[in-house]
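Take a look at the structure below.
Rule-based calculations on the coordinates, nothing more; no lab input. All values reported here derive from a predicted model rather than from experimental measurement. So basically every Cβ, Gly included, is an ideal-geometry build from the backbone, and we count neighbours across all protein chains shown.
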Amino acid sequence: DGAHLAAGCKDGSIDLLRGEDLALVGVCKGHTGPVVQIDWAADGSKLQSSSGDLEHLHWTVPSSGHPISASACRDVEWSSWTCPLGWPVRGICDSDSTEILEVVRSSDALDVLATVDEFGRVRLVRWPCVREAASAIVALGHSNHVVRARFTADDEVLLTAGGHDCCVMQWRIV
């Protein structure tokens, strides 16, 4: 809704800023590593975040500064999902969850989750992906790790950005 902006920091905190003037209104502290993914609840009342050391935490907005329990967020409708950890993405890993660098959910109309990993793989699975080692469509194109993935607004294309190969690829969803 634009009321707040969340910024993940290298020190493991999340700065909450007021949308209209970017004034600092809160700081969420709890991660032990840098914050790399943040998702908002559809109503703007909660955040979920993941850190580089694979912590997955939940927060109330505006924040009291400390994480809340995951069970307090079990029925939350999330406006996006980029965190590689959590119940609806527990089936994305074959064996080692540290391989997955990024996940991104499509819109409700498509119900697809894309994952990218350290080996240049782009995978598409059904959303939610709760069954272990779920079947996936796997595409290769990047020479090594893929650092970002995003669907276009119409969900017709998945864009991925490579790390060392510095390539941006477009994957048409058919």
Normalise the Cα radius of gyration of the stretch 1-149 by 2.2 N^0.38 Å (N = residues in it) and let me know the number.
1.06
Could you give the dipole magnitude of the chain about its Cα centre, charging the beta-carbon of Lys and Arg +1 and that of Asp and Glu -1, in debye to the nearest 20?
160
Ellipsoid equivalent to the stretch 13-65 - semi-axes via the Cα gyration tensor, in Å:
19, 12, 9
State the extension gain, in nm to one decimal, for the chain segment bounded by TRP87 and ARG148, taking 0.36 nm per residue of separation less the distance between their alpha-carbons.
19.8 nm
Once each part is reduced to its C-alpha centroid, what is the distance from the stretch 103-136 to the stretch 63-89 in angstrom?
18
Can you pull the Kirkwood radius for the stretch 128-174, inverse mean 1/r over Cα pairs, to one decimal in Å?
12.0
Using label points projected 7 Å from each Cα along Cα→Cβ, tell me how many nm separate GLN170 and SER80, to one decimal.
2.1
